[in-house]
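Right, one structure below, let's go through it.
The values are calculated or read from the model by the stated rules, or taken from the named source; none is laboratory data. As the structure is a computational prediction, the values presented were derived from the model and not from experiment. Ideal geometry is used to build each Cβ from the backbone, glycine not excepted, and the neighbour counts take in all protein chains shown.
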Amino acid sequence: MRRYGKHTDEDDIRTRPGRRNTRPRTNIRPKHEDAAEGLVLTVDRGRLTCLVEDRVVMAMKARELGRKAAVVGDRVAIVGDLTGKKDSLARIVRIEERTSVLRRTADDDDPFERVVVANADQLAVVTALADPEPRPRLIDRCLVAAYAGGLEPLLVLTKSDLAPPDKLLELYGHLDIPYVVTSREELQNGTAVARVREQLDGKITAFVGHSGVGKTTLVNSLVPEEQRRTTGHVNAVTGRGRHTTTSALALPLSGSDGWVIDTPGLRSFGLHHVDPSQVIHAFPDLEPGTEGCPRACSHDEPDCALDAWVAEGHADPARLYSLRRLLATRERKEGD
Ligand SMILES: Nc1nc2c(ncn2[C@@H]2O[C@H](COP(=O)(O)OP(=O)(O)OP(=O)(O)O)[C@@H](O)[C@H]2O)c(=O)[nH]1
Ligand SMILES: [Mg+2]
Ligand SMILES: [Zn+2]
């Protein structure tokens, strides 16, 4: 599995320079030196499904973790019954350092941060071209969270059988962000699957977006049935008989060391945790225009150079409008 073995005992026993090996090794090694490495696949009411070597192991967190919570994508140190047999329960004793963290808050004024996934390389922002109507606001917010959390963005525009992608591509197509367009037919005949796979191989990709945009449909066509069986997909049937995903789930991509992570639909994507000065990074088409800005410009003030720059035709005014709206809601601390 990728990236395993990165946090070896060597990392943990490093002491002050020049003092190495001056103390008996056993005193400075972590308590659970025999712990196995696990990958959190899904979390359900305190029960964590982890992959340990090639076994699916149920675990709960050990008391010593305190308030730290492991999330999908976390690499963990795990001890106890690792057989993966029915009713066995192992313990997670350590959460390894994360390489990326996708965070969100319920609203911009909600200080309570939720970690959606850990260690993902890529954030696939899934938007339906119709049913539900695309909402660029959520795309922009997801892009902000991706840059803030250390994930590369990917745009996935679904349901092109229902509406053309032209309008969205006008806004996002020329950015330096890869995108793929999919339709029901292309998912069924495999052409869309191949196109999406090109963007996923070798990476850990988290799929996010509004409820009903087709995240699970896409993930299911990427991951064949027998791979999915092991973890048991957590879907709830809603009032209207629709299946909606209720918890995040990591699935391996066959023939690649990549993973896909399906997540529950988002209603909003609060950015309380993101410093407003970072928001501009999610607008790479506008960023060059900030060169003429006063120092520490908020890009939402009268002296901001972006107005003149956009008026000169360097970027789409709709994008500047989006940036300003996002900055304004961050300031007024409104939800989306
Ligand atoms: N027409 C059309 N419908 C699609 C397409 N992809 C998915 N759907 C339908 O859209 C509905 C919602 O799909 P899901 O995959 O459950 O959506 P989701 O994003 O996982 O939704 P949540 O789990 O609630 O977040 C289902 O009825 C799918 O059959 C597509 O390309 N075209
Ligand atoms: Mg779903
Ligand atoms: Zn500015």
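Residue count for segment 298-319 under the criterion of being under 11 Å from Ile280 (Cβ atoms) and not hydroxyl-bearing (Ser, Thr, Tyr): the result is 4. If you check Asp303, Asp307 for being part of a helix (DSSP H, G or I) and either within 16 Å of ligand 2 (Cβ to nearest atom) or surrounded by fewer than 17 Cβ atoms within 10 Å (Cβ to Cβ) (or both), only one passes: Asp307.
Residue by residue through segment 171-189, note down the ones that are part of a helix (DSSP H, G or I), of a type outside the set (Lys, Arg) and farther than 17 Å from Pro317 by Cα. Glu185, Glu186, Leu187, Gln188, listed by residue number. As a summary of the residue check, Gln278 satisfies the conditions (1) over 27 Å from Pro178 (Cα atoms); (2) exposed (fewer than 15 other Cβ atoms within 10 Å of the Cβ) except for the one numbered (1). Exactly one residue out of Asn235, Asn220 is within 16 Å of ligand 2 (Cβ to nearest atom), at pLDDT below 95, touching a helix residue (DSSP H, G or I) at 6+ places or on another chain (Cβ under 9 Å) and more than 18 Å from Val156 (Cα to Cα): that is Asn235. Checked against (1) at pLDDT below 50; (2) over 28 Å from Leu251 (Cβ atoms); (3) part of a loop (DSSP other than H, G, I, E, B), Lys31 meets all criteria but (1).
Note on segment 35-68: among residues that are part of a loop (DSSP other than H, G, I, E, B) and surrounded by fewer than 15 Cβ atoms within 10 Å (Cβ to Cβ), the one that is modelled with the highest pLDDT is Glu53.
Quick check on segment 163-170. Is at least one of its residues assigned to a helix (DSSP H, G or I), crowded, with 17+ Cβ neighbours inside 10 Å, at pLDDT 90 or above and out of contact with any Gly (no Cβ under 8 Å at 6 or more places or on another chain)? Yes, that holds for at least one residue. The set of residues in segment 153-193 being without any contact (Cβ under 8 Å) to a residue 12 or more places away in the chain and touching a Phe, Trp or Tyr at 6+ places or on another chain (Cβ under 7 Å) consists of Gly173 alone.
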